[in-house]
Amino acid sequence: MGEESSKPKSSYTKDTIISKELSEEAATLVDSLFTRVRLDGANFLTQYDAKDSFSELTRGCLKNLYNSMHGGAVGAVAEKVSIACARTVVGKDKELFLGELGMSYISAAPSNAEVRVDGSVIRSGRNLTVVAVEFRLKDSGKLVYTSNATFYHMPVASL
């Protein structure tokens, strides 16, 4: 790596080309994202190395440029809530495999709104568990997002 690539982004000159396919504005947005969630420090790696931890990358990006919750972050929250719900009926000795996660974006939740997330097990059998998750605005109760997750139970090895 050259000396210039090890400098922080703020010290780059306007003549520096990061990528011919990536605009300067897009590069600045990506750089600010990673700076905001402190990916450059060792703290990020050690703080979130536990299984099923909810990373600062997801928590730090719950809103996008349109001042509403970002769809990927909504999906990540839906996945975590679905896993927690499925674990209430599936023993810890069985591994779960997320086979399908369907999202419906009904309405946008403003970035400053509080959202209540409710999850429930729809069906649970020997081989699979289906979980439904609803995202509602706390103040009005308006439904903004829904999710359905299907988990397949991995068989316990009998060695």
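Quick notes on this one:
- The stretch 118-156, residues that are of a type in the set (Asp, Glu) and without any contact (Cβ under 8 Å) to a residue 24 or more places away in the chain: Asp118, Glu134
- Output for the stretch 110-126, where each listed residue is of a type outside the set (Lys, Arg) and more than 18 Å from Glu79 (Cα to Cα): Pro110, Ser111, Asn112, Ala113, Glu114, Gly125
- Looking across the stretch 91-117, the residues that are free of Cβ contacts under 8 Å to residues at least 40 places away in the same chain and closer than 27 Å to Thr129 by Cβ come down to Gly91, Lys92, Arg116.
- Candidates Ala113, Ala149, Ala132, filtered to the one that is part of a loop (DSSP other than H, G, I, E, B) and surrounded by 14 or more Cβ atoms within 10 Å (Cβ to Cβ): Ala113
- In the stretch 78-90, residue surrounded by the most Cβ atoms within 10 Å (Cβ to Cβ) [restricted to those that are within 12 Å of Ala132 (Cα to Cα) and of a type in the set (A, V, I, L, M, F, W, C)]: Ala78
Per-residue answers, yes or no, for (1) at pLDDT below 80; (2) more than 19 Å from Tyr152 (Cβ to Cβ); (3) in a loop (DSSP other than H, G, I, E, B):
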site: Phe44; (1), (2), (3): yes, yes, no
site: Phe54; (1), (2), (3): yes, yes, yes
site: Leu57; (1), (2), (3): yes, yes, no
site: Lys80; (1), (2), (3): no, no, no
site: Asp93; (1), (2), (3): no, no, yes
site: Gly102; (1), (2), (3): no, no, no
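The values are calculated or read from the model by the stated rules, or taken from the named source; none is laboratory data. Small disclaimer: the values here were computed from a predicted structure and weren't measured. Neighbour counts are summed over all protein chains in view; Cβ atoms, including those assigned to glycine, are modelled from backbone coordinates with ideal geometry.
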